[in-house]
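The values are calculated or read from the model by the stated rules, or taken from the named source; none is laboratory data. Source: prediction; values computed, not measured. We place every Cβ from the backbone using ideal geometry, glycine too, and count neighbours over all the protein chains shown.
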Amino acid sequence: MGGAALPPRDGAQVAALDVSVRIGGRAPSIARRLRERVESFLAAGDPNQDRLFLIVRPAICVLVVVAVVVANDLPGRQGVIVGCSTAFVINFAYTYLVAHRRYFVLRGTSLIVDNAIIICTSLWVFIKMGQAGYESDLWLAYLTFIITSAMSYGPIGSTLFASLWTGLLVFVTLGFYDPDSHFREQLPMRLTFFLLVGFCVISLAAELRKRSEKLERSTRQTLSMLAQIVEARDTDAGLHLKHITHYSRALALALGASEEQAKEIAYAALIHDVGKAQVPDAILKKPGPLTADERTEIQKHTVWGHELLADNQEFVTAGEVARSHHERWDGTGYPDGLAGEAIPFAARIAAVADVYDALTSVRPYKQAWPPRDAIDEIRRLSGTHFDPSVVEAFVQLYDAGVLRMLDAGMRENGAALDLAA
């Protein structure tokens, strides 16, 4: 899932989030900054794009290239076969990474390994072709490769990627072909063609990405409205959803998550109770204690929420939070009895943010707790209900005044949750 669209932040909120990143000496590391730059370059985050461009396309390209090279008795074909075979074997490792949702590692690895293999193989073939005086329309394969690959990167990545391969073609043409060869004579025309096609491809990629983001935003707005309707049945939806969203985001940042990861976790926390849509009002709004059967019924909202989100790859994290935000660190939670780090990281964050807001908010069955009392209670539950490291970070956010700053900013902006920002 991409980043969640959150309400506009005023100066206090910006400062609070900046403090949350630095708290406890957790300044952004070089690795974290590098990761964010690579993610921006790759425009990563869409699992469907990862499957298509990093697994399916390379496998098809490998088979086609080998068939063409063998059929045309191309000079240097042995190097092509070795390079393609290597790429095909590496593709199985990519499949493993996708199965485990390691998309950042997948994209970063493929960026380095795939291009290294193709550059080495291409140089070998062009050198052999130049030495043999062999001329063909192999450059059209380059054009196809650039068109399909550029669409898997962000705007900057697409431009640099196309420039790299165009430059490589110019280098081998000028370096290994005679000045009076047809290959050299056709170079200006080919470069013009590359330029025009590259412009069209990058424009198309940008438009497709824009439409995809628009559809994603629309889907999230629909789910968010559903979440607010569900929350309104037993609490102040606007304030509660806004609190848990911003608390979760600040907490994720404090624990070292990137900005995009923090937004994703914040959005997942926003719709964590979406499964309550299926809980009967008689149970959800009951002012007194629940019976054993009623408690069992309301606990099913975790499974129902996960089922609602599970079929959409954009909401993997949201589905994990919906299912696991009532799991406990000691394994006594529900619905799966997960313990320790088996509980998804995002769910551990959302659980602390949710409980803190529940304790400090008025409910039909209780008065609001003072914030300090709520913090003491969360600290008491560290190691049993909650991940101790998450509790420590949350307490530090409170002690540093980050939570108060967030609350002040939310009060000034009102309770409405603007997901179109």
What are the residues in the stretch 228-255 that are aliphatic (A, V, I, L, M) and at pLDDT below 70, if any? VAL230, ALA232, ALA237
All conditions in (1) more than 24 Å from LYS300 (Cβ to Cβ); (2) surrounded by fewer than 16 Cβ atoms within 10 Å (Cβ to Cβ); (3) touching a Phe, Trp or Tyr at 6+ places or on another chain (Cβ under 8 Å) are true of ILE375 except (2)
Which listed residue is of a type in the set (A, V, I, L, M), at pLDDT 75 or above and in contact with a helix residue (DSSP H, G or I) (Cβ under 6 Å, 6 or more places away or on another chain), from LEU174, LEU196, LEU187: LEU187
How do the pairs read when you match residues in the stretch 257-275 that are more than 17 Å from ALA393 (Cα to Cα) and part of a helix (DSSP H, G or I) with residues anywhere that are of a type in the set (D, E, K, R) and modelled with pLDDT of 85 or more, using Cβ under 7 Å and keeping only pairs 6 or more apart or on different chains? LYS263/ARG249
Would the stretch 59-70 turn up any residue that is modelled with pLDDT under 70, surrounded by fewer than 16 Cβ atoms within 10 Å (Cβ to Cβ), assigned to a loop (DSSP other than H, G, I, E, B) and assigned by TED's automatic domain parsing to the domain that holds GLU185? no
Considering only residues that are under 29 Å from LYS285 (Cβ atoms) and surrounded by fewer than 17 Cβ atoms within 10 Å (Cβ to Cβ), which ones fall in the stretch 385-411? ARG411
Might you let me know whether the stretch 258-269 holds any residue that is β-branched (Val, Ile, Thr), crowded, with 21+ Cβ neighbours inside 10 Å and assigned by TED's automatic domain parsing to the domain that holds THR332? yes
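Could you identify the single residue in ASP137, ASP114 that is at pLDDT 65 or above, under 14 Å from CYS84 (Cα atoms) and assigned by TED's automatic domain parsing to the domain that holds LEU160? Walk me through it before giving the result.
Working: ASP137 fails: under 14 Å from CYS84 (Cα atoms).
Every option except ASP114 fails the conditions.
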Got a number for residues in the stretch 85-105 being modelled with pLDDT under 70 and of a type in the set (A, V, I, L, M)? 2
Considering every residue within the stretch 392-402, establish whether at least one is within 18 Å of GLU327 (Cβ to Cβ) and either in a helix (DSSP H, G or I) or in contact with a Cys (Cβ under 9 Å, 6 or more places away or on another chain) (or both). yes
